[in-house]
Amino acid sequence: MEQSKDMSNSSHINGSQANNIEENIDPNSSDDVPLDVDLGDPVMYYPYWKTVDEECSVTIKASDFLSYFVNPNKDEFIYHVPGFTDAVRRIHRVVGNAVTEGRYIIGGTGSSQLFNYLLRALSSKVNSGTTNKRIPVVCAAPFYGLFGASVDSEKSAMYEWRGDALTFDEEGPYIEVVTSPNNPDGLIRKPVVNRPGEMLIHDLAYYWPQYTPTTAPADYDNMLFTMSKFTGHAGSRVGWAIVKDPEIASMMTTQVFLRTIGCCQEGQLRAIKILEFIADSYEKPPIPPAPTTERLFEFGYRVMNERWNKIKAVIKSGNVFNLLEYRPQHCNFLGTVHNPTPAFAWLESKNGDDASQLMSELKIQARNGAMFGSSEHKKCVRITLVGSEDQFNLLLRRLSSRPASLGIDGVTSFSKLDVNGS
Ligand SMILES: Cc1ncc(COP(=O)(O)O)c(C=O)c1O
């Protein structure tokens, strides 16, 4: 989940609060009710999973999972449900988006939890009591705001959030977070600081074929993945780290024990079922093909691509915002050359005005660009494209009108001139 927010606020339409996600938004709802496209709540996957409810369900008996310790296998962490790490390794092998051979897999309560444990492990490895200096943690702006918010709230003696990596130039050890594709702008990223003392965390929550062409298996020291944006099962709160260094892996699992005595076994069981189901659909497709032959990545890419085509068209005709242009690449998994189709659209107002203000004139509540680490991005705004179909259609409808303050094309309205006194 993202940024603290009153989740119970029912005066906004967000398309994800009810169980029956498909019917949650009335497409003809009053134009006065703000449409909430601020959160990246991945409910667009609902229609896909609905079609396979029967085949892909998990039954948990009353007698299951009474023990804290579930895995006696000495090569595994004892809180990993048997089959969890195998399922993680298998899905990465099938998709070809990350190297797992010879790496440690550490399961956690979403990747958000593991992010903090990785910071702790990396900083204790260099700090190990010899210095009082807190290790700076940076990420190139625009960046996912929860990184900074969660580090700040910890008030750790070991590490501290230092914001934009593009302006960081200190000597000594530091941790750089590289989110690729990036939230909010969907760009593929590399580290930007590149100095001695570098420690990297690669957050690869969106490195899946529905969002970006997967061009090679990611092969970094510390990688984070999550079910949330991959399959849409954000509520199961399952993520994993793929880590090279045994010492880092061991420090992370110690954290999982000290803070939460393992991680939810029901969640892992669900993850195993879903990951195996997806892997099977590519490695062992039924013969003859099932009536629903579309598999997760084809579904995800088709929906994202359709949404991108529509949003590009409406933004272009509105002439109020610019959208980033992406470069097409060959996706090794889907076997086609295509543009990235990121989970969010990152828009910039053409005239440099505060873009979220313009959005609110259209009764669209979107995330202000300044919340992504730099006030320079105030003219930008992020809108989610992974919500429900109803939410997306309403978004298109609202984007097709023009903010009143801009008047008719190319003319700033009088009301705006009055307000600004110029
Ligand atoms: C870049 C990035 N990393 C991590 C997360 C959180 O993932 P999880 O649900 O596994 O905690 C998000 C969620 O929006 C994200 O955008």
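The values are calculated or read from the model by the stated rules, or taken from the named source; none is laboratory data. This structure is a prediction, so every number in the text was calculated from the model and none was measured. Every residue, glycine as well, gets a Cβ built from its backbone with ideal geometry; the counts of neighbours run over all protein chains shown. With ligands, DNA and RNA removed, areas are computed over all heavy atoms of the protein, side chains included. Shrake-Rupley method; radii C 1.70, N 1.55, O 1.52, S 1.80 Å.
Numbers for the structure displayed
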item	result
Neighbours by Cβ (under 9 Å, 6+ apart or cross-chain): first from the range 105-126, under 16 Å from residue 160 (Cβ atoms); second within 13 Å of the ligand (Cβ to nearest atom) and open to solvent by 10 Å² or more (accessible area, probe 1.4 Å)	115/146; 115/150; 115/203; 116/150
Tabulated pairs, the range 242-256, first in a strand (DSSP E or B), second of a type in the set (Ser, Thr, Tyr), C-beta under 8 angstrom, 6+ apart or interchain	242/100; 242/104; 243/104
Hey, residue 334 touching a helix residue (DSSP H, G or I) at 6+ places or on another chain (Cβ under 8 Å) and either farther than 30 Å from residue 282 by Cβ or among the small types (Gly, Ala, Ser) (or both) or not	no
Residues satisfying the stated conditions in the range 83-99, i.e. in contact with a His (Cβ under 8 Å, 6 or more places away or on another chain) and surrounded by 21 or more Cβ atoms within 10 Å (Cβ to Cβ)	98
Residue in the range 58-70 that is outside the structural domain of residue 210 (by TED's automatic domain parsing) and open to solvent by less than 20 Å² (accessible area, probe 1.4 Å) present	no
Count - residues of the range 146-162 that are open to solvent by 10 Å² or more (accessible area, probe 1.4 Å) and in contact (Cβ under 8 Å) with a residue 40 or more places away in the chain	2
Residues satisfying the stated conditions in the range 174-190, i.e. within 12 Å of the ligand (Cβ to nearest atom) and in a loop (DSSP other than H, G, I, E, B)	180, 181, 182, 183, 184, 185, 186, 189
Condition check for residue 193: among the aliphatic types (A, V, I, L, M), crowded, with 17+ Cβ neighbours inside 10 Å and assigned to a strand (DSSP E or B)	no
Residue ranges of strands (runs of 3 or more DSSP E) in the range 81-172 with at least 1 members more than 23 Å from residue 192 (Cα to Cα), more than 16 Å from the ligand (Cβ to nearest atom) and assigned by TED's automatic domain parsing to the domain that holds residue 197	104-109
Breaking point among (1) surrounded by fewer than 23 Cβ atoms within 10 Å (Cβ to Cβ); (2) over 30 Å from residue 373 (Cα atoms); (3) touching a residue at least 24 places away in the same chain (Cβ under 8 Å), for residue 80	(1)
Scope the range 206-233; condition closer than 23 Å to residue 328 by Cα, open to solvent by 10 Å² or more (accessible area, probe 1.4 Å) and not acidic (Asp, Glu); matching residues	206, 207, 215, 216, 217, 229
Check on residue 215, away from the ligand (no atom under 16 Å from the Cβ), β-branched (Val, Ile, Thr) and free of Cβ contacts under 8 Å to residues at least 40 places away in the same chain	no
Members of the range 367-384 found to be modelled with pLDDT under 95 and of a type in the set (A, V, I, L, M), listed by number	370, 371
Of residues in the range 237-265 being open to solvent by 70 Å² or more (accessible area, probe 1.4 Å) and within 16 Å of the ligand (Cβ to nearest atom), the one farthest from residue 294 (Cα to Cα)	259
